[in-house]
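Each remark here refers to the structure printed beneath this line.
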Amino acid sequence: MPLHRLSAVHVRVARYAEFCDFYRRFGLEEIASGRFASARGGQQLHVEPGDRNTVVEIVIGADAPSDLDAVEAGLQAAGHTPERPSSETLLVAEPTTGITIRVTVEPRVPAIRPRGGIPEVNRAELVGRARVRPQRLGHMVLGCPDVDAVNRFFTECLGMRISDEVIGAVFLRFDTDHHNLAFLRSDHTWLHHMAWKVGSVDEVGYGAMQLIDHDQSTNCYGLGRHAASANYFWYLRDPSGSLAEYYHSEFDDLVDDAEFWNPVPNQAPMPVASWGPSLPPTFFAPTGQLSAGATQPGEEGP
Ligand SMILES: [Fe+2]
C-alpha cells in the first residue's frame, strides 16, 4: 500500500511543560523544543502550548509523489478539496473530526525481523535497564461523532483498510500493523490515546514502571493483551488527560497483512482485552482529553 505509516501527530496542550516532561519520561527524545522523536521513526510528536488541548494534525507517510496524486484524485472525486503545497505534500481537512491530514513522501520504517528459534534471555539485562525508548508511533484512537463518515473518508479517499469493527469501534490500517487509526463513537472528537511500539513485552512493563515510579497517578490500565490486535499494552494517563500506550506485537512487522488481518464477519462481541486488570471506569471517559477540530463537548458537531 503506498500510504505506509502513521508518521506524526501535532497537538496543542494547555499544560505544555508537564506534557513535554511526561513524554520525555515516556522515552521520546526531545530533538527541539516541543518536537519529539522515537528511536526509529524520526520526529513523531510535535507539541505546542495552547489555550485548550487539541489534535491539530495527523501526518501520514507515502512512498512517492504519484501516490499523493492518486490520493488527491480520490479526495476530489469524493468532494473534498485537498491542497498540494508541493509534489511531496498533500493537506486535507477531515470533515468529521476537523483534524488536518498531511500526507507526505517519506521513508518507511524498516521492520525488525526477529531471529528464528527460541529467544535468548539474558537475565542480567532484566535487572538494570536503560530508559525504554519507543521504536515508533504505531496508532492513534480517537472518539468522533460519526464513525461511519470518518471510516469512509479514510478507506475510500486514503485507501486504508478495515482490520476489525469490534467493541463499537472501527480499526483501520495502512500496512501490516493491525491498526494505525481507530475511531470510537462519541458525541465529540477527542484523542483517546497514542500508542508507541516498544521492542518487547518487558519493555512495555519497564516503560510503564519508569513513569509510575515517578508519578503513581499516571497508571491507568495494564499490563494486558488486547483481543482484536493481540497487542500487549499498558496505558498511562498523560497531563492532557489522554492516554499514552506502550505496546508490543509479535505480528505486526511479520505477517502478510492480506492473509492475517481480514475482519471476521459476524464475529462475536470482542472484549477490550484477552487478559489484564479490570477495565478501569475512566478508560473510555473523554473528560479533559485532547479534543480536535471544531467540536467540543456540548457543542454541535459539523
Ligand atoms: Fe492502542
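Any read-out appearing in this document is the output of simple, stated calculations on the displayed coordinates, not a laboratory observation. Treat the numbers as computed from the prediction; the structure is a model and nothing was measured. Here Cβ is always computed from backbone atoms with ideal geometry, including for glycine, and neighbour counts include all displayed protein chains.
Work out from phi, with θ = phi - 60° and the Karplus expression 6.51 cos²θ - 1.76 cosθ + 1.60, the ³J(HN,Hα) of each residue of the stretch 187-195, listed in order in whole Hz, and give x for Gly and Pro.
Once rounded to whole Hz, the list reads 7, 8, 8, 7, 8, 6, 7, 9, 10.
If you restrict to DSSP beta bridges whose two residues both lie in the stretch 186-259, what percentage is antiparallel, to the nearest 5?
Working: 11 of 16 bridges.
Antiparallel: roughly 70 percent of the beta bridges in the stretch 186-259.
Tell me the Kirkwood hydrodynamic radius of the stretch 1-90 in angstroms, computed as one over the mean inverse distance between distinct C-alpha pairs. Intermediate values should be presented prior to the final figure.
Details: mean 1/r = 0.0680 Å⁻¹.
The answer is 14.7 Å.
By counting other Cβ atoms within 10 Å of each Cβ, how are 7, 249 ranked from fewest to most?
On the way: 7 24, 249 21.
In increasing order of surrounding Cβ atoms, one gets 249, 7.
In the stretch 22-56, whose amide N lies under 11 Å from the spot 7 Å out along Cα-to-Cβ of residue 131? List them in ranges.
22-31
Rg (Å, one decimal) plus Dmax (Å, integer) for the alpha carbons of the stretch 171-225?
Gyration radius and largest Cα-Cα distance of the stretch 171-225: 14.0, 37 Å.
Going by C-beta contacts inside 10 Å, put 252, 69 in order with the fewest on the left.
Values: 252 25, 69 13.
Least crowded to most crowded, the residues run 69, 252.
Highest first, please rank the peptides 204-215, 174-185, 73-84 by the mean number of other Cβ atoms sitting within 10 Å of their residues.
Most protected by this proxy first, the peptides run 174-185, 204-215, 73-84.
Can you tell me how much longer the chain between residue 230 and residue 284 gets when fully stretched, taken as 0.36 nm per residue apart minus their C-alpha distance, in nm with one decimal? Write out the running numbers ahead of the final one.
Details: separation 54, 0.36 × 54 = 19.44 nm, distance 1.93 nm.
So the extension gain works out to 17.5 nm.
By count of other Cβ within 10 Å, fewest leading, how are 99, 31, 162 ordered? Please list the in-between numbers first.
Details: 99 25, 31 11, 162 16.
Ascending Cβ contact count within 10 Å gives the list 31, 162, 99.
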